[in-house]
Amino acid sequence: MTDVALSAARWLGTREESPEHRQILAVYNSIRPLPRGYTLQESDPWCAGFASAAAVMAGAGERYPLECSCSRIIEKAKEMGIWMEGDGHVPRPGDWVLYNWQAKAAGDDTGAPDHVGVVIGVENGEIMAVEGNFDNAVKLRRFPLDWEKIRGFVCPAREENTIRYHTLKDVPEYARATIEKLTADGSLRGVAEDDLGLSEELVRILVILDRRGRL
């Protein structure tokens, strides 16, 4: 769900109690039927509400387990058949990642979830996720694929995006400066020495992050 990742990325920098924060809550509270009939308040934890709002804003709400509770997200995702707990799973943009801060080692996938973020890309063995209620704001988190704090993933069905850019010349002009900068400083190494292997969706998200000074 590329558009869900883009929707989440556009809220980067939002602070709690700001107009943008209130917009996120308003989008969540517009869901019908409202999950469990509960209206999300400004004083509530809002990571799950943020992920749900990103899906709604992208027009993909029916594909996700919309909720303001991380535990209920997992329950609903299991009912929908879109929950993944395998340690070797590689998520795609638009997937949700759930965390268990109490986990001590890889393979501990049974604890209660504490937090959720929206995956916007995977590069060089590292997941990038945009999260609401991260230090009272919308922020970017980077972490390894085998991080022990990963509880699991919500993986909605979607059509495959087959557009990939293999060299810098293949990258669209609007994104070339960003990709050139990232390859020059070693932040972006691609799938092989002579193959960037960048998906169209990841390129679009990297441009948004670069323009917002988040790279």
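Some points to look at:
- Residue, surrounded by the most Cβ atoms within 10 Å (Cβ to Cβ), within segment 195-215, restricted to residues that are in contact with a Ser or Thr (Cβ under 6 Å, 6 or more places away or on another chain) and closer than 16 Å to R176 by Cβ: L206
- Qualifying residue in segment 33-41 (condition: of a type in the set (D, E, K, R), touching a Lys or Arg at 6+ places or on another chain (Cβ under 9 Å) and more than 15 Å from C155 (Cβ to Cβ)): yes
- Test: residue in segment 112-119 that is in the same structural domain as S18 (by TED's automatic domain parsing), modelled with pLDDT under 85 and out of contact with any Phe, Trp or Tyr (no Cβ under 8 Å at 6 or more places or on another chain): no
- Residue within segment 82-89 that is under 17 Å from W11 (Cα atoms), crowded, with 18+ Cβ neighbours inside 10 Å and in contact (Cβ under 8 Å) with a residue 24 or more places away in the chain present: no
- Residues (polar (S, T, N, Q) and either out of contact with any Leu (no Cβ under 8 Å at 6 or more places or on another chain) or more than 18 Å from P113 (Cβ to Cβ) (or both)) located in segment 20-57: Q23, N29, S30, T39, Q41, S43
- Scanning segment 138-162 for residues that are in contact with a Ser or Thr (Cβ under 8 Å, 6 or more places away or on another chain) and more than 20 Å from V56 (Cβ to Cβ) turns up just one, N161.
- Some residue of segment 3-20 being free of Cβ contacts under 8 Å to residues at least 12 places away in the same chain, closer than 28 Å to G111 by Cα and either in the same structural domain as F143 (by TED's automatic domain parsing) or part of a loop (DSSP other than H, G, I, E, B) (or both): no
- Candidates G49, G111, G59, filtered to the one that is under 13 Å from A8 (Cβ atoms) and surrounded by 12 or more Cβ atoms within 10 Å (Cβ to Cβ): G49
- Strands (runs of 3 or more DSSP E) (entirely within segment 32-141) containing at least 2 residues that are basic (K, R): none
- Candidates R151, R142, filtered to the one that is modelled with pLDDT of 85 or more, among the basic types (K, R) and within 22 Å of W11 (Cα to Cα): R142
The values are calculated or read from the model by the stated rules, or taken from the named source; none is laboratory data. Just so it is clear, the model here is predicted, and its values are computed rather than measured. No Cβ is skipped: glycine too gets one built from the backbone with ideal geometry, and neighbour counts run over all protein chains shown.
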